[in-house]
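Peer 1: The structure's right below; bear with me while I get my questions together.
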Amino acid sequence: MSESKGMPPRATPDDYQAKAQAGAVTVAAEFMEHSVPTPQAIYSTEDYVVVEAALFGPPEARTRLSSGDFSLRINDNKKPLPSQPYEFVARSLKDPEWAPPTEDKSKSQTGISSGKKDTGEPPLAVVHMPIERQLAMEQHVKNAVLLGGDRALPQAGLLFFEYRGKAKNINSVELIYTGPTGKATLTLQP
């Protein structure tokens, strides 16, 4: 896979759901629930929630970025969730544009026993997403993550937090930034 590029930031911090000051830097963010938006496509994950975050500063501003500077508090939980690397998320990504091929019921049965009671139906085959499509999806997400290191501002990207619950059960969301420029807490819309 090639080098990550990062996600282009929106025009201003006001283009995000919430914003807050952390020293001379403005942190802006939007809660995406279980959606994983990239410039190429929107994917989903049942195991993580996603925040699109951006940092803006004065002209010529730079800062050291790390996804580890961010955590997420869901439903006023005392312990915020740490940001997770995209490599963890890749295993749970789904492409809503892809569906496994439908099985042709007119094909003859193989006669191989699955050990289950014979219902007259052949056993269901496990169908995986084609590897080329899976690799492209992973590359799109890798290119959309918030890049780490010393960066010129503005910078934007996706942050991932492990949460297997349903989005409809989320009543409150706070993104917490604790980085080299200061601290900020953003109240996001669930």
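The values are calculated or read from the model by the stated rules, or taken from the named source; none is laboratory data. This is a predicted model, so every value here is computed, not measured. Here the Cβ is made from the backbone with ideal geometry for all residues, glycine too, and neighbour counts use every protein chain on show.
Peer 1: Is it fair to say residue 159 is closer than 19 Å to residue 80 by Cβ and either modelled with pLDDT of 90 or more or assigned to a strand (DSSP E or B) (or both)?
Peer 2: Against the criterion (closer than 19 Å to residue 80 by Cβ and either modelled with pLDDT of 90 or more or assigned to a strand (DSSP E or B) (or both)), residue 159 qualifies.
Peer 1: Please go through the range 140-174 and pick out each residue that is basic (Lys, Arg) and under 16 Å from residue 91 (Cα atoms).
Peer 2: Correct list: 142, 164.
Peer 1: Count, please, the residues in the range 52-78 that happen to be surrounded by 20 or more Cβ atoms within 10 Å (Cβ to Cβ), closer than 22 Å to residue 11 by Cβ and either touching an Asp or Glu at 6+ places or on another chain (Cβ under 7 Å) or of a type in the set (D, E, K, R) (or both).
Peer 2: Number satisfying all stated conditions: 1.
Peer 1: Looking at residue 151, is it under 11 Å from residue 55 (Cα atoms) and either of a type outside the set (A, V, I, L, M) or assigned to a strand (DSSP E or B) (or both)?
Peer 2: For residue 151, the condition - under 11 Å from residue 55 (Cα atoms) and either of a type outside the set (A, V, I, L, M) or assigned to a strand (DSSP E or B) (or both) - is met.
Peer 1: When you scan the range 1-19, how many residues do you find that are at pLDDT below 95, small (Gly, Ala, Ser) and farther than 10 Å from residue 157 by Cα?
Peer 2: The total comes to 2.
Peer 1: Looking only at the range 1-57, which residues are among the β-branched types (Val, Ile, Thr), closer than 15 Å to residue 146 by Cα and not in a strand (DSSP E or B)?
Peer 2: Listed by number, the list holds a single entry, 38.
Peer 1: Filter the range 150-190 down to the residues that are in contact with a helix residue (DSSP H, G or I) (Cβ under 9 Å, 6 or more places away or on another chain) and of a type in the set (Gly, Ala, Ser), then identify the one that is nearest to residue 16 (Cα to Cα).
Peer 2: 157
Peer 1: Of the residues that sit in the range 20-51 and are farther than 21 Å from residue 162 by Cα and surrounded by 20 or more Cβ atoms within 10 Å (Cβ to Cβ), which one is nearest to the chain's Cα centre (by Cα)?
Peer 2: 27
Peer 1: With the requirement that a residue be of a type outside the set (A, V, I, L, M), within 21 Å of residue 148 (Cβ to Cβ) and buried (at least 17 other Cβ atoms within 10 Å of the Cβ), what does the range 85-95 give you?
Peer 2: 86
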